[in-house]
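What follows draws every value from the coordinates through simple rules; no lab data is involved. Since the structure is predicted, the reported quantities are computational estimates derived from the model, not experimental observations. Here the Cβ is made from the backbone with ideal geometry for all residues, glycine too, and neighbour counts use every protein chain on show.
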Amino acid sequence: MASSGVEHIPSAPPAYGRRNEEEKTALGRRDSQAESFTTIDEGDGTHRMLKPRHIQLIGIGGTIGTALFVSIGKSLLEGGPGSLFIAFSLWCSVILAVTMSMAEMVTYLPISSPFIRFAGRYVDEALGFAAGWNFFVFEAALVPFEVTACNVIIHYWSDIVPAGAIIAIVLVLYALINVLAVKWYGETEFWAALGKVLLIVGLIVFTFIVMVGGNPKHDTFGFRYWYEPGSFATYYSSGALGRFQGFMQCLIQASFTIAGPDYVSMAAGEAENPRVVMPKAFKAVFYRLTTFFMLGSLCVGILVPYNDAEMTRAFADSEPGAAASPYVVAMNRLAIPVLPHIINAMILTAAFSAGNSYVYCASRSLYGLALEGKAPKFLTRCTQAGVPIYCVLFVLLIALLSFLQVSSNAAVVLSWFVSLVTASQLINFSVMCVTYICFHRALKAQGISRDSLPYKGLFQPYAAYYALTATFIMTFVGGYTVFLPGQWNVPTFLFSYTMIGVCPILFVGWKLIHRTKFHKPQDIDLLKDVAAIEDYTSKYVPEPPRNSFAKWFNWVFS
């Protein structure tokens, strides 16, 4: 039984039946040395070219952005180290529950844009439409945000390069990476994610060394800042209420910082041998959550007191790059040279990689919508390399909004646009949980034992209900401060709750126009595309490594 919460069933998956021979028709779906070129559905023109090591690093490092290194400091100021660590640890349990739910469905049916299409298949087509467009808008809006983040990070060193030039270079690189074959995206993300993994591991080691006295000042400070100024800061109010509100600020930050399984699941339709590779990637989420986010939040609270003047000033003045990073602040406090510049360079890599992931996920979500008839049909057009070219180009057009950063007044508009979709991620998680609950009910109603599935998540369906409750509540809590006395602000209210209003409109609109109905458990088609997946899996032949080094390299990262 895996500690990640996903239990491997060693027996071969059952024969779920053969719906018709059309599902097993060879339609050009490519993979490495596979005997069958089986496609998942007739319109899917993507290729299975992402190798196991690509999927692993996308799953482990693809969700780590600049928030883990910089924005987390703001939560430390508002809640203190105790609240920060408890909040991040608590939210990790929620994301683990979401991951267990997605892992069971995606490993059973690894198709393009899985959770978007599962929502339509297992719940209601209207939910698939609303969830798909919500996810697309969320991912697409974050592309210009990360592009401008790259610009800001570079200006940590110098303002000599114009903002427009930096933005143009980043967009051209995104275009090259995503317009070429998907294997180049996988290769880019592999090395970028590896750099992020090394960065966070290095910072954890750095924290341990300096806290026990390995610093220029030979100061063995340990957990000093947990005692003075203390473990829990007050926010807005004083006393116990203020400490609780400080904790809530940390929990809100955690809910937007800790990404779920959506990124790795989006690669399911382009992964080689997905029924073997995807479970391993989902299992790695457990270690990512504990190592990166829980230990990362602990390290931040060890290194810097929550009332640090330098960090407070850095956030108040919106200083560029790593200037507001708790790690850089700690290095300055301990008079450690050079390392802040290395941290800034690695954070630049993290921002670039995050933007690259958003381009990929946004384009694939739009492609999934087009395959399901919920977006224009021409968007299903793929190049010979298996890239949904029009989807990628559409996302890159949206990314041109990053040029608004060139004008200080227009930059405000960009920040507003990004703020509008802050609740979308939590809505995505809620949809995943609802979808799994309906999937679980369908299995039970149709007499299919979960023990017969390729992989089985633990504590289900209770884990899904737990995650649904937490994500649904946090969707509304995210902007609660606007309702505090004297804090009412119309723009802040709209930023926090617009997408919460838009999604039901999308859902109801599609439902009324197309007269869709909620699927009954006994009527849900659990066998669609399964025959094609089983055919692909049975005929898959892995490409042999070129040499001993390649064999060792693939083993280490697979």
Degrees between helix 462-477 axis and first principal axis of the chain (Cα, 0 to 90, nearest 10): 50
Candidate lysines for bridging to K74, where Cα separation is under 29 Å - those fewer than 8 sequence places away on the same chain excluded: K196, K217
Cα-centred dipole magnitude for region 481-558, charges only on beta-carbon of K, R (+1) and D, E (-1), debye, nearest 20: 140
Straight-distance crosslink candidates among lysines, where the alpha carbon sits under 24 Å from K444 and sequence neighbours closer than 8 are dropped: K456, K517, K520, K528
Vicinal HN-Hα couplings computed from phi for region 162-177 (Karplus, 6.51 cos²θ - 1.76 cosθ + 1.60; Hz; Gly/Pro x): x, 4, x, 5, 5, 4, 4, 4, 4, 5, 5, 5, 4, 4, 4, 5
Packing-based ranking, highest mean first, of 333-342, 381-390, 71-80 given that Cβ atoms within 10 Å are counted: 71-80, 381-390, 333-342
Dipole in debye (nearest 20) - the chain, about Cα centre, beta carbon charges: Lys, Arg +1; Asp, Glu -1: 600
For T383, distant residues with modelled amide H under 5 Å away: I389
Part-to-part distance (alpha-carbon centres) for region 71-88 and region 447-519, which is given in Å: 25
Computed E for S452/I160 - FRET, C-beta separation, R0 60 angstrom, nearest 0.05: 0.45
Pairwise FRET efficiency - L400 versus F483, Cβ, R0 = 41 Å, nearest 0.05: 0.70
Cα-based helix-to-principal-axis angle, 424-445 vs the chain, degrees rounded to 10: 40
Relative packing of peptides 133-144, 433-444 - highest average C-beta neighbours within 10 Å first: 133-144, 433-444
Per-residue HN-Hα couplings for region 121-126 [Karplus 6.51, -1.76, 1.60; θ = phi - 60°; Hz; x = Gly/Pro]: 6, 9, 10, 6, 4, 5
For region 200-254, the Rg and Dmax computed from alpha carbons only, in angstrom: 15.0, 40
FRET efficiency for D525 and L176, using Cβ-Cβ distance with R0 set to 45 Å, rounded to 0.05: 0.70
Rg/Rh for region 237-351, where both radii come from Cα atoms and Rh is the Kirkwood radius: 1.07
Listed peptides 421-431, 161-171 by packing density, highest first (mean Cβ within 10 Å): 421-431, 161-171
0 to 90° range, to nearest 10: angle between helix 274-288 axis and the chain longest Cα axis: 20
Note, ³J(HN,Hα) from phi for region 238-252, Karplus 6.51, -1.76, 1.60, rounded to Hz, x at Gly and Pro: 10, x, 4, 4, x, 5, 5, 5, x, 4, 4, 4, 5, 5, 4
Lys/Arg +1, Asp/Glu -1 at C-beta; region 437-558 dipole; positive extreme among A464, L527, H514: H514
Dimensions (Å) - the chain, Cα atoms, principal axes, largest first: 71, 58, 49
